[in-house]
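The values are calculated or read from the model by the stated rules, or taken from the named source; none is laboratory data. This is a predicted model, so every value here is computed, not measured. Glycine gets a Cβ as well: all are built from the backbone with ideal geometry, and neighbour counts include every protein chain shown.
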Amino acid sequence: SVALAESLASTAGNLVVDKARQYCVGLEINANHVSSCTEGEVVGVTQPVHLGRTTQVWETRIFQRNGQKERLVCISRMTLAVLDRK
């Protein structure tokens, strides 16, 4: 779950900066696993909490989908540093 959350937040962070001038790297990540996932598919959704000049904060929610049912499996928050290219 944490690897998926990190991948989603890092990708999203790098998509919202000017790639010619900046890039993002992870500073901190935390996650709360609220239930287990044993079958069905896993879906992750990430949204920005803060998009600043030097940092970004992203929240990712991971759900287990089994047919029409959806259940929260993990919630994560990741802080990214926005760095200038040299």
What about Gln64, is it more than 16 Å from Ala9 (Cβ to Cβ) and free of Cβ contacts under 8 Å to residues at least 24 places away in the same chain?
no
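What's the total number of residues in segment 1-30 that are β-branched (Val, Ile, Thr) and over 27 Å from Arg71 (Cβ atoms)? Even if it seems obvious, please write down each step before you answer.
Initial filter on segment 1-30 (β-branched (Val, Ile, Thr)): 2, 11, 16-17, 25, 29.
From what is left, the residues that are over 27 Å from Arg71 (Cβ atoms) are 16-17, 25.
The number of residues fulfilling the criteria is 3.
Here is a list: Thr60, Thr46, Thr55. Which entry is modelled with pLDDT of 95 or more and more than 26 Å from Arg85 (Cα to Cα)?
Residue meeting the stated conditions: Thr60.
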